[in-house]
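A short worksheet on the structure shown next.
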Amino acid sequence: MKYVSTRGGMQPASYSEVLLEGLAPDGGLAVPETMPALSGPQIEAWRGLSYPELAVEVLSLFATDFPRSELEHMCHAAYSSENFVSADIVPLTPLDDAITLVGLSEGPTLAFKDMAMQYLGQSLEYALRQRGDVLNIVGATSGDTGSAAEYALRGKTGIAVFMLSPQGRMSDFQRAQMYSLTDDNIHNIAVDGVFDDCQNLLKELSADLDFKRANHLGTVNSINLGRISAQIVYYFWAWLRSSDDLSETERAAHRVSFTVPSGNFGNILSGHYARTMGLPIDRLVLAANENNVLDDFFRTGIYRPRGAADTYATSSPSMDISKASNLERFIFDLLGRDGDRLAEAWRVLDETGELNLSGELLRFGAEFGLASGTSTHADRVATIAAVHEQSGITIDPHTADGVKVAREHAEPGVPMLVLETAKPEKFPEIVIEAIGAAAPLPEHLAGLLDLPQHVTEMANDAGELRSFIEARAVTA
Ligand SMILES: *Cc1c(COP(=O)(O)O)cnc(C)c1O
């Protein structure tokens, strides 16, 4: 399997190569040259596999330049009982007759980013070792991504992490989670500023190509193809587990829909890829919060990204995104996988701030099964309360956005699977507002808040950041 750019300007590259790169040289995103295709019986043959075994099968279709024994080691190390609380890794929990939760938050940081990051940590370490190279990851986080990256990369050979966070802007739990790590290769930096200041510092560093090259800087952001490929696995897992109790004939006709709480369009893109590969998915429903640029797009065909100033800070903060970086990969498929058309569309988007694909969506939209909806703060509060009252289960605000939108799209006879993207313990405020009490921390994390914290406080100053990185970067 080779990878090409959505904008048509990259020589076909291997999985290992695109794993270590950010944007393609032409500014586009790496996508599989052709999608692997699976038949019903091929998928059915995977029913008896454990989660890590299934991950090996699915990922071997993408990581064709990894030896199988290495991939087996990576998947078993990533999806282990040390990292994940549930023995199933991804448990399915029915809420009622219509809706089932797919538990993607059993990992070390209680959010779905762990599903991809744990595998990425393993695969990056391997790919770097093969190349004799090292990687210093510099990132900015306001929560989930930074901690998932740190937990996935702690102690890895040839990798260091420099994670910027806005000082005093994260929750006690998020701070404790990141700052309590003691690994030598993890560097937490609290910047005197807001999240945008952290991002601007990052931009300044990545624009300095000499510094970037000399210090082997890189990122593990949401466009990383390794992450997208690892997320495909749980769509197959959920389809298999949701049909375990059916007869053979029923299994052959089994179709499900998924609702995906979305921000950067990474999670749902993996669902789109699973569907393209032949997994019987009826609809893929995108759930947005008040930052509903993507809901607008799927309803009208007009994509109009918003700037940081027009992005609301909501109570489902990991979805506060108004420019979805992975959407380009979906639009590439919508435009018939034609790099020239995609490049032209993005030229128009950059020039006018708007992309009108209503014609294409009208003609081909149904083929892709995409639907969408929006959920607000009031919806989240009401949904957390209603689910708790009906089933005794406490859900987090992002999953609540999913359940709210899922109810509007559920159809009789088609199980609706909602991806649970985080645990409620991470978001006590809205949980208290909805049900009067916070979800207690799970036993294995009870002492977390009392651990000593390790963080370097820094002025909003690129020079200071440079010296800090230069002094601590891993070298080849
Ligand atoms: C990252 C995140 C999302 C959004 O996922 P995308 O892949 O960016 O669409 C939703 N919920 C939670 C809890 C997240 O951390």
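Here are the numbers for this structure:
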| quantity | calculated |
| --- | --- |
| R0 of 22 Å, Cβ-Cβ distance GLU429-GLU389: FRET efficiency to nearest 0.05 | 0.70 |
| Point-charge dipole on Cβ atoms (K/R +1, D/E -1) for the chain, about Cα centre, debye to 20 | 700 |
| Accessible heavy-atom area order of TYR312, TYR126, highest first, probe of 1.4 Å | TYR312, TYR126 |
| Debye-sum result for the stretch 159-278 in log10 I(q)/I(0), which assumes one identical scatterer on each alpha carbon, at q = 0.10, 0.15, 0.17 Å⁻¹ | -0.53, -0.90, -1.02 |
| Alpha-carbon centroid distance for the pair the stretch 399-423 / the stretch 179-218, whole angstrom | 36 |
| Student exercise, the stretch 295-341 dipole from Lys, Arg, Asp, Glu Cβ charges, in Debye to nearest 20 | 20 |
| Sequence of THR475, THR93, THR100 when ordered by accessible area, the most exposed leading, probe 1.4 angstrom | THR475, THR93, THR100 |
| Fraction of accessible area attributable to carbon and sulfur, the chain (%, probe 1.4 Å) | 49 |
| Contour excess over end-to-end distance, with Cα ends at THR311 and ASN83 and 0.36 nm allotted per residue | 78.7 nm |
| Electrostatic dipole magnitude of the stretch 130-226 [Cβ: Lys, Arg +1; Asp, Glu -1; Cα centre; debye, to 20] | 260 |
| Order of exposure, largest accessible area first, which applies to HIS377, HIS254 with probe 1.4 Å | HIS377, HIS254 |
| Cα lying deepest toward the dipole's positive end in the stretch 357-476, options LEU441, THR374, PRO452, charges on Cβ | THR374 |
| Stokes-Einstein D for the stretch 38-168, Kirkwood Rh over Cα pairs, 4 °C, 1.567 mPa s (µm²/s) | 80 |
| Cα-based equivalent ellipsoid, the chain: semi-axes from gyration tensor eigenvalues, Å | 31, 27, 24 |
| Under 28 Å from LYS426, Cα to Cα: lysines that are on another chain or at least 8 residues apart | LYS113, LYS156, LYS323, LYS404 |
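The values are calculated or read from the model by the stated rules, or taken from the named source; none is laboratory data. Because the structure is predicted, anything quoted here is derived from the model rather than measured. Methodologically, a virtual Cβ is constructed for each residue, glycine included, from the backbone with ideal geometry; neighbour enumeration extends over all protein chains shown. Please note that ligands, DNA and RNA were not included when accessible areas were found on the heavy atoms of the full protein model with its side chains. Shrake-Rupley method; radii C 1.70, N 1.55, O 1.52, S 1.80 Å.
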